[in-house]
Amino acid sequence: MWGGYLKVVGQSCPKLKTLKLIRFDIEPPFYVSDDDALDIAGTMHGLRFLQLFSNGLTDAGLKAILDNCSDLEHLDLNHCFNVNFSGDLEKRCSERIKVLVRPGSPRIFDFSIFEDLVLLDSDHDQ
């Protein structure tokens with residue numbers, strides 16, 4: 001049902017500067033998928049702030065984002081436990097990203113992620 005939604009958002013909002021993407025199933029087992037990251041990298045080149053809470057992206061997805069979102073300054077990967085910063089990813093992040101929140105960073109939960117949240121009720125026609 002949701003496949004490709006980020007690509008549509010990126011194509012519809014070419015000047016998008018901020019994206020907060022939150023998954024609520026944060027209990028193991030964690031899923032592994034770079035689909036969201038590849039859609040972001042392919043369509044949201046002007047992002048400055050990206051928050052991927054509990055996303056399944058891997059190092060390959062992170063690399064795609066870094067390769068294609070050159071204006072990115074703030075990257076929040078909290079609860080993105082498939083990211084290991086292998087190869088030169090650690091160096092690339094430290095050189096380019098002003099604020100980096102790593103997976104598993106000890107911090108108080110940021111409830112501001114819910115400020116712009118739109119919930120869809122799957123039990124009703126849309």
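Some notes on this structure:
Table: residues versus (1) touching a residue at least 40 places away in the same chain (Cβ under 8 Å); (2) touching a helix residue (DSSP H, G or I) at 6+ places or on another chain (Cβ under 6 Å).
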{"position": "ASP67", "(1), (2)": "no, no"}
{"position": "LEU77", "(1), (2)": "no, no"}
{"position": "ASN82", "(1), (2)": "yes, no"}
{"position": "SER86", "(1), (2)": "no, yes"}
{"position": "ARG92", "(1), (2)": "no, yes"}
{"position": "ARG96", "(1), (2)": "no, no"}
{"position": "GLY104", "(1), (2)": "no, no"}
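- Qualifying position, being at pLDDT below 90 and surrounded by 13 or more Cβ atoms within 10 Å (Cβ to Cβ), among ILE113, ILE108: ILE113
- Count of residues meeting criterion [open to solvent by 40 Å² or more (accessible area, probe 1.4 Å), hydrophobic (A, V, I, L, M, F, W, C) and modelled with pLDDT under 95] in segment 17-44: 4
The values are calculated or read from the model by the stated rules, or taken from the named source; none is laboratory data. Note that the structure is a prediction, hence the values are computed from the model and not measured. When we count neighbours, we look across all protein chains shown, and the Cβ atoms used for this are built from the backbone with ideal geometry, even at glycine. Heavy atoms of the whole protein, side chains included, go into the accessibility calculation; ligands, DNA and RNA do not. Shrake-Rupley method; radii C 1.70, N 1.55, O 1.52, S 1.80 Å.
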